[in-house]
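Novice: Below you will find the structure I want to go over with you.
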Amino acid sequence: PSAAAGLGAPQPPECAAVECPPSRTMRAPNSTRFGVRAYPADHLWATYSVDKLGEAFEEATYEGFEHLFGYISGANADGTKIDMTAPVWTRIEAGAGPFCKSHFKVAFSVPAKLQGDAPKPTDAQVALEPTGAALSCVAVRGFGGHAKDTNIIAESAALAQELEDGGWVFDASAFVVAQYDDPYTPSGRHNEILLPLSPSACASASV
């Protein structure tokens, strides 16, 4: 689907089959505008963080996915399997210069039934962390195809430009790529770029 098609769904259809984190649509997206979505700041995620040089989104996401999939497959204090959720989040904080590493944080949402009692990871590189205030209200822009190093910068820049043009106050220091489909889904894919909004911008958003 086109970017416009991706923008048209406040809650992606994938969430009908796979559990997604709870959210509230503050401003419904459509083919001509981005959306605004709120997430509970205390919602728990399993995360994996890594620093890498250059365009390393795909590499970092794959690496993080392997560690997080291990966690939900039994690499936890209870030795239990945990249901897969969607989307896979990759937060990207770009390095200060061309020879500086960027910081990547890959995250799986912890299922609702385990929010109060998630088993501790046995992998020292996996952590349990809340969404946090910074990502509790975000601007959302959807796009289709596979999320790659070659297109995520342009997609995030397009959302940032929309926000700037509309006078929205946002944090441009980092962004999130959300992927809702497994790598083997050939078509009809849905991805999103998330940019954190200021509390005032979030308060002014309306459905």
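The values are calculated or read from the model by the stated rules, or taken from the named source; none is laboratory data. Just so it is clear, the model here is predicted, and its values are computed rather than measured. Using ideal geometry, Cβ is built from the backbone for each residue, glycine included, and neighbour counts are taken over all protein chains shown. Accessible surface areas use protein heavy atoms only, side chains included; no ligands, DNA or RNA. Shrake-Rupley method; radii C 1.70, N 1.55, O 1.52, S 1.80 Å.
Novice: Treat each spin label as a single point 7 Å out from the Cα along the C-beta direction, and report the Ala96 to Glu59 distance in nm.
Specialist: Once both label points are built, they end up 2.2 nm from each other.
Novice: With springs only between Cα atoms under 10 Å, which of Gly166, Gly95, Gly64 fluctuates most in a Gaussian network model of the chain?
Specialist: Maximum fluctuation in the GNM of the chain, among the listed residues, is at Gly166.
Novice: With viscosity set to 1.567 mPa s at 4 °C, what whole-number translational diffusion coefficient in µm²/s follows for the chain from Stokes-Einstein and a Kirkwood radius over Cα pairs?
Specialist: 75
Novice: Which one, Ala16, Ala158, Ala41, has the greatest fluctuation when you compute a Gaussian network model over the chain with C-alpha springs under 10 angstrom?
Specialist: Ala16
Novice: Also, quick follow-up: Taking the square root of 5 times each eigenvalue of the Cα gyration tensor, what semi-axes in Å does the equivalent ellipsoid of segment 93-162 have, largest first? Numbers along the way, then the final one.
Specialist: Values: eigenvalues 155, 64, 33 Å².
For segment 93-162, the ellipsoid semi-axes come out as 28, 18, 13 Å.
Novice: Hey, another quick one. How much accessible surface does Tyr62 have with a 1.4 Å probe, in Å² rounded to 10?
Specialist: 150
Novice: Give the calculated FRET efficiency between Ala154 and Ala127 to the nearest 0.05, with a Förster radius of 25 Å applied to their Cβ-Cβ distance.
Specialist: 0.25
Novice: Which number gives the lysine pairs in the chain that have C-alpha atoms under 23 Å apart and are eight or more places apart or on different chains?
Specialist: Lysine pairs meeting both conditions in the chain amount to 9.
Novice: For Asp83 and Tyr184 in one chain, what is 0.36 nm times their gap in residues minus the Cα-Cα distance, to one decimal in nm?
Specialist: That pair, Asp83 and Tyr184, stretches by 34.5 nm at full extension.
Novice: What does the charge count around Phe170 come to, taking other residues whose C-beta lies under 11 Å from its C-beta (Lys +1, Arg +1, Asp -1, Glu -1)?
Specialist: -3
Novice: If you take the beta carbon distance between Val169 and Ala134 as r and set R0 to 22 Å, what does 1/(1 + (r/R0)^6) give as a FRET efficiency, to the nearest 0.05?
Specialist: Working from the Cβ atoms, E equals 0.95.
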